[in-house]
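Presented below is the structure to which this report refers.
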Amino acid sequence: MSPTTSHGSASGRRWLALGLIAAAQFMVIMDTSIIGVALPKMQEDLGFTPSGLSWVFNAYVIAFGGLLLLGGRLTDLLGARRIFGTGWVVLAVGSLMAGLADSVTVELAGRAVQGAGSALVAPAALTLLFSIFGTNPHELTKALALYGAAAPAGGTAGVFLGGVLTQYVSWPWVFFINVPIALAIVVLTPSVMPAGATRRGSLDVAGAATVTLGLAAVVYAVVRGPEAGWTSASTLIAGTGGLVLLGLFVALQANLREPLMRLGIFRAPNLAASNFAQLMLGAAWIPMFFFVNLYLQQVIGLGAFASGAALLPLTVTIIIGMVAAAPRLIARFGPKALTVVGLGTLAVGLGWLSELRPDGSFVVDVLPASLVTAAGMAMAFIPSLGMALSSAAPEEAGLASGLVSTSYQVGSALGLAVITALASGFGADDAGDVVAQTTGFSAGLLGAAGIAAVGALLSAAWLRTPSNEGSSQEVPSETSSAH
């Protein structure tokens, strides 16, 4: 084989590897959104209560967000390729459980197993991306753009595909669809992915348990608060217990020799601030999808398929923005400026969306405002993700990947819990009363706009402008020699 042919084959494998990594991001995010349009059918068949229905989403996101740090640690210890493949196997098992469920308990267990699988896949995928493309800043920006575009594509594809499967097949297929895709990726992974470095070390199982249970308890308290009362014993016990567990997690990390999350990593320039930006993005973005989908179906009266199709323009806008516009804007204005402007634009779009009307229409009330939110997400996601990943040393790439994925998913879980509670307080749960429902949805969207606005303001104050402002996603000078 000639050197040219060999080089072309290696290059082809790298971009095929990026395709699998992007597929991982696509599937992980799709699994958070695909169940949205299937929820009414699942409620009918499995007997969910209205308040319990949100746990079909929360069971996945809490397991996902709570176990991401463990996934990052396993990636650093055992190698990214091994954890990437293992995660897909776990995700397939959870998908089978959720699709075959005949009770609320089994359904939520399946969703939690799906989340655990995703918690292995996500940090391993980001670590693989950085190991393959991290030596070339220009290629890294392109790879991050494609990876980033896969997230909103997966979110909207989940809504669209969920509508198709729910309306024309049956709701269990929103889970079964994962199985053949997962198996295909497991088969392809060994031939296209680098093995990744491994090293000796121990696992902080206590840390993984306390952060996952603590997050679950806090989200449970926020979800239960409007129904049981904010001062009820169940709400206070769950909320206080969750905060105690999260405090115990931090204490463990400060005192263990090999913690799940080394607290000193947050001293890296921009790492804490960029993770905060990702947290605020998740907290504002996921509630938008949740409430817009409910508005389209429960107020406007669109079917599951039409509701999913209605969000395609938003997805196309995000993909074009992330792939074509964001890398050029980062090179021109720098990652800090783009993150701040993106979060601000997202806040404006969400504020516009909050003007929903009970007798509104998709074209007037949803489409134009949703395109503004899409532009904001496209601008903010890539630069904040790139700064978070490039801030850590290579031996902690899995931890950095786990941290940024955790930030987004924890933001999604807590943001949805808080905004759902807010919307419920304004009448979102009043089935059959479209005026009350619309008022509740509007309140939720306005709350999400507030989250994005706070994210923009604090990012402007907290993020530091890299010295190499004009270049995209470069590694800070403190860690560039390590890379």
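Could you work out the percent of alpha carbon pairs in the chain separated by over 31 Å, rounded to a whole number?
On the way: 44838 of 116403 pairs.
For the chain, the fraction of Cα-Cα distances above 31 Å is 39 percent.
Could you state the angle between the C-alpha long axis of helix 55-78 and the longest principal axis of the C-alpha atoms of the chain, as a value from 0 to 90 degrees rounded to the nearest 10?
10 degrees
Would you mind estimating how fast region 321-463 diffuses translationally, via Stokes-Einstein at 25 °C and 0.890 mPa s with the Kirkwood radius over Cα pairs, in µm²/s?
Values: Rh = 16.4 Å.
Rounded to a whole number, D works out at 150 µm²/s.
By how many degrees, between 0 and 90 and to the nearest 10, does the Cα long axis of helix 137-168 differ from the longest principal axis of the chain?
Result, in degrees: 30.
Report the Stokes-Einstein translational diffusion coefficient (µm² s⁻¹, integer) for region 156-255, Rh taken as the Kirkwood radius over Cα pairs, at 20 °C with viscosity 1.002 mPa s. Can you show the working numbers first?
Values: Rh = 17.8 Å.
For these conditions, the coefficient is 120 µm²/s.
What's the exposure ranking of Glu396, Glu139, going from fewest to most Cβ atoms within 10 Å?
On the way: Glu396 23, Glu139 15.
Listing Glu396, Glu139 from fewest to most nearby Cβ atoms yields Glu139, Glu396.
Arrange the following residues from fewest to most other Cβ atoms within 10 Å of their Cβ: Val159, Val454. Display every interim value, and only then the final one.
Details: Val159 28, Val454 15.
Ascending Cβ contact count within 10 Å gives the list Val454, Val159.
Sorted from largest down, give the three principal axis spans of the alpha carbons of region 204-259, whole angstrom values.
42, 13, 10
Using alpha carbon coordinates only, what is the Rg to Rh ratio of region 76-160, with Rh defined as the Kirkwood radius?
Details: Rg = 15.6 Å, Rh = 14.4 Å.
Radius of gyration over Kirkwood radius for region 76-160 works out to 1.08.
Label Val316 and His138 with points 7 Å out from Cα along Cα→Cβ: what is the distance between them in nm?
Rounded to a tenth, the inter-label distance reads 3.1 nm.
Output the relative contact order of the chain, whole-number percent, from Cα pairs under 8 angstrom with separation of 6+ residues.
Details: 935 pairs, mean separation 105.7, N = 483.
Over the chain, the number comes to 22 percent.
To make sure I understand, if each residue's beta carbon is the centre and we count other beta carbons within 10 Å, what order do Thr141, Thr317 fall in, fewest to most? Mind showing how you got there, number by number?
Values: Thr141 24, Thr317 20.
The order, fewest Cβ neighbours first, is Thr317, Thr141.
Would you mind pulling out the separation of the Cα centroids of region 272-292 and region 389-457, in Å?
After rounding, the separation between the Cα centres reads 5 Å.
The numbers here are math on the coordinates, done by the rules we state, and not lab data. It should be emphasised that the depicted structure is a prediction, and the values quoted were computed from it without experimental measurement. Cβ: placed from backbone, ideal geometry, glycine included. Neighbour counts: every protein chain shown.
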